[in-house]
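First the structure, in the form of structure tokens, and then the observations on it.
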Amino acid sequence: MDLIKAENLNLHNGLKDILIDARFRLMESTRYGLIGPNGSGKTTLIRLLLGELQSDKGILLRKPALTTGYLPQQPRFKANQTIEDFLLSDITPITKTLSHLEEEMGKKKGECLEWLLAAYQKEMEKFEERGGYSALEKGEALLQRLGMDNPLDQTMESLSGGERSLVFFARAILPDPELLILDEPGNHLDYLGLAWLESFLASYRNSVLIISHNRYLLDKTCPNIMELEEGKLTLHTGNYSDYKRNKMRDLLTAQAAYKAGRREIDELTRKVKELQGIAQSQYNPPATVMNQLGAAERKLTELKDKFSEKPGAPETKLKINFGTEFSKSKIAIEVREFSFGFGEKKLFEKGKMDISCGERIALIGPNGCGKSTFLKTLLSEGDWNNKGIRIGPSQHIGYLSQQPQFNTADGTIGDEIRTWGPLSADGAFKIADNFGFTWEEMEKPVKVLSGGETNRLQLARIMYNKSNFLILDEPTNHMDIYSREVIEEALKNYKGTLLIVSHDRFFLDKLVSRVIEIRNMKFESFDGNFSDYFKIRYPSLPRLSGSLTSRGREKKAADERISQSDSHAIERRIEEAETEKLDLERLIKKALAENREQEGLKLTVKLEKLGSRLDKLYSQWEAKLS
């Protein structure tokens, strides 16, 4: 059954087309991932589906009495609003209306009373749809399942970003909606919270529409991908990896068709000229010649229209190259007996860690464990002569922060870039242009930049400074998928040392070769990428219970190792297949760039077969864990 159906939907926001003749259906008990570049209008589309906006043209049909749950990207709450008040904020207005109607029914009789009874019944149905009298109990139980045991009278503003995300999510799913709409649900969740979210959504029985740039989340939870780009909404069957593979294959096919079409145009052009020569050489050319000429000219016009533009990979506005600066020393970081805390709260106790030059490290841990605090301490106090935190003598560090500090807080993008070195206005723009900023945006004040723009400006500064050691704290936050892939490619080609804090599992798997976990106030090292670490640390996903900060502590199940020899064999085969997958994707991209379509198409067939093999291997591995 259709929950929402759209026919020839058009929407313009005053600046550009968000939807152009869009046709789509959202079916019951189906999960969809909505992707597209930043600014393409994904959140605007969600507002349209929720009835907050009206289309300019077309038809949008909703199932009668459709119940929806919505988690916006930036949920709002009132000052001094408690967790309880926020959880019940959709119900509170209804309870007030019910109380008012009850009071009025005690005063009225006859037809007026009948009208009040009908209104009361209608409000009661809405009340029950949103959880009714058991809503608070359900909400509290749901928060505990999410791993949050904060008191319900705690204010929302006193919660951390991760804790607020859990409350927002709990309110969205509290009424058990037929359609759950989530706009970047992974924001502020740590890796265990994300793992729980993946597990929850994968088994959610109702329909889900997720806006996300988290490719791992999309792969695990969404068997359908909707792509919104330049006003066109396209549905792709399969998860994100399937979508990406099919998109490359379609592009290679289109390039091959374009080549064949251009050859046909050249042949037909010669034929038209030949027929024109015959026609012009005779006073009264035969009808057959003129008919052939007319047909050839019409066909030529048709082909020129069809193959007027050469298909190519979508151009990215980001052109990043972090350089290939090498370090002469062997030691990047050496930490000994590191202790740190705030008042009575200890974050680190005699921690020890070593990072060699050229290593690619992920620094992970649950929210609140001290990752960002450690990085700030490292940058402010780290020195070769500091025995607690030693930084190699030839290390030139580039740092991307979640709370960046620019040189010109009240200046523009252009002003900021020109503080980095002796740069003219044109020179500053050349740097900014590599990171997707326009000439007009050079006059944009730094203090009003979005999260994505702030990260891009930080990356521009890092690239300009040519560092041999990059420390990146959530570098893909607020970035769309296309930007993340460009950053990944640039970091893969980088020869220096990498230390990355990120909850983007897809990103980490492609870049790091060792994971350092902050656990029990210590640093614990694991060889391999994030998935390798996660399989060892959590052979089965731990139940998210207790406070958020306790989720990274000892759990018996989490410390168990998979002992079966066949499970180890499956893991090795998965690792080999994942490596082969990355190699094939790189080769296909290269074939696209060099117009070697046939070779690229053969590689996509291999990639498709490899994808099926990987699915089977993961199923076998998960069966061993259950």
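Read-outs: derived from the displayed coordinates by stated rules, not from any lab. Keep in mind it's a predicted model, so treat the numbers as computed, not measured. FYI the Cβ positions are ideal-geometry reconstructions off the backbone, even for glycines, and counts take in every protein chain you see.
Once you have all Cα-Cα distances for region 2-56, histogram them in 5 Å bins from zero and send the whole-percent values.
Going out from 0 Å in 5 Å bins, region 2-56 shows 4, 17, 29, 30, 15, 4, 1, 0 percent.
If you stretched the chain out fully between Gln402 and Asn595, how much longer would it get, using 0.36 nm times the residue separation minus the C-alpha to C-alpha distance?
So the extension gain works out to 65.5 nm.
Which residue, Ile59, Tyr204, Asn595, has the largest displacement toward the positive end of the dipole of the chain when charges sit on each Cβ (Lys, Arg +1; Asp, Glu -1)?
Asn595
List the GluC sites (Glu not before Pro) within region 188-293 that fall in a DSSP loop (any state other than H, G, I, E or B) and whose Cβ has at most 13 other Cβ atoms within 10 Å.
Counting only loop positions with at most 13 other Cβ atoms within 10 Å, the GluC sites (Glu not before Pro) in region 188-293 are Glu230.
With a cut-off of 8 Å between alpha carbons and a minimum separation of six or more residues, what is the relative contact order of the chain in percent?
That works out to 15 percent.
What is the ratio of the Cα radius of gyration of the chain to 2.2 N^0.38 Å, with N the residue count, to two decimals?
Dividing the Cα radius of gyration by 2.2 N^0.38 Å gives 1.15.
In vacuum, with every alpha carbon of region 30-126 counted as one equal point scatterer, what does the Debye formula give for log10 I(q)/I(0) at q = 0.12, 0.17, 0.21 Å⁻¹? Two decimals, please.
Computed log10 I(q)/I(0) values: -0.67, -1.01, -1.15.
What is the mean projected area of the alpha carbon convex hull for region 212-366, to one decimal in square nanometres?
19.0 nm²
Which of the GluC sites (Glu not before Pro) found in region 28-98 are loop residues per DSSP with 16 or fewer other Cβ atoms within 10 Å of their Cβ?
Glu28, Glu52
In Å and whole numbers, how far do the C-alpha atoms of region 320-382 stretch along each principal axis, longest first?
44, 27, 19
Using amide H atoms built in the peptide plane, which far-off residues or other-chain residues are under 5 Å from Ile181 H to H?
Gly69, Tyr70, Leu71, Leu209
Could you work out how far the C-alpha centroid of region 580-608 sits from that of region 84-106, in angstrom?
That distance is 60 Å.
Can you give the extra length, in nm with one decimal, that the chain gains between Ser308 and Ser380 once fully stretched, where that is 0.36 nm per residue apart less the Cα-Cα distance?
20.2 nm
Loop-only chymotrypsin sites (Phe, Trp or Tyr not before Pro) in region 373-441, please: DSSP not H, G, I, E or B, and at most 12 other Cβ atoms within 10 Å.
Filter output for region 373-441: Trp439.
Just how far, in whole angstrom, is region 452-477 from region 202-258 if you go by their alpha carbon centroids?
So the two Cα centres are separated by 28 Å.
Per residue, how much space in cubic angstrom lies within the convex hull of the C-alpha atoms of region 46-187?
In region 46-187, the Cα convex hull volume per residue is 146 Å³.
Fully extended, how many nm does the chain gain between Glu28 and Lys330 (0.36 nm per residue separation, minus their Cα-Cα distance)?
Extra length from Glu28 to Lys330 when fully extended: 103.0 nm.
Give the relative contact order (percent, whole number) for region 21-165; include only Cα pairs under 8 Å separated by 6+ residues. Numbers along the way, then the final one.
On the way: 62 pairs, mean separation 41.2, N = 145.
Across region 21-165, relative contact order equals 28 percent.
Kindly provide the helix-only [θ] at 222 nm of the chain, computed as the sum of -39,500 (n - 2.57) over DSSP H runs of four or more divided by all residues, to the nearest 500 deg cm²/dmol? Mind dumping the intermediate values first?
Working: 20 runs with 282 residues, N = 626.
That calculation yields -14500 deg cm²/dmol at 222 nm.
Amide H of Leu347: which non-local residues (sequence gap of 5 or more, or other chain) have their own amide H closer than 5 Å, using H built in the peptide plane?
Amide H neighbours of Leu347: Phe340, Gly341, Phe342.
Computed over the Cα atoms of region 151-234, what is the ratio Rg over Rh, Rh following Kirkwood?
Here the Rg-to-Rh quotient is 1.00.
Send over the semi-axes of region 425-533's equivalent ellipsoid, whole angstrom and largest first, taken as the square roots of 5 times the C-alpha gyration tensor eigenvalues.
Working from the Cα gyration tensor, I get semi-axes of 30, 14, 13 Å.
Which shape class applies to region 59-98: rounded if a/c is under 1.5, otherwise prolate when a/b exceeds b/c and oblate if not, where a ≥ b ≥ c are the square roots of the Cα gyration tensor eigenvalues?
Note, shape of region 59-98 comes out oblate.
Based on Cβ point charges of +1 for Lys and Arg and -1 for Asp and Glu, what charge dipole magnitude is obtained for the chain about its Cα centre, in debye rounded to the nearest 20?
1580 debye
With the cut-off at 1.5 for a/c, could you classify region 27-85 from its C-alpha gyration tensor as rounded, prolate or oblate?
Prolate is the answer for region 27-85, as a/c is 1.5 or above and a/b outweighs b/c.
So which lysines pass the test for Lys273, namely a Cα distance under 23 Å, with those fewer than 8 places away in the same chain ruled out?
Leaving aside lysines fewer than 8 places away in the same chain, those within reach of Lys273 are Lys259, Lys299, Lys304, Lys306.
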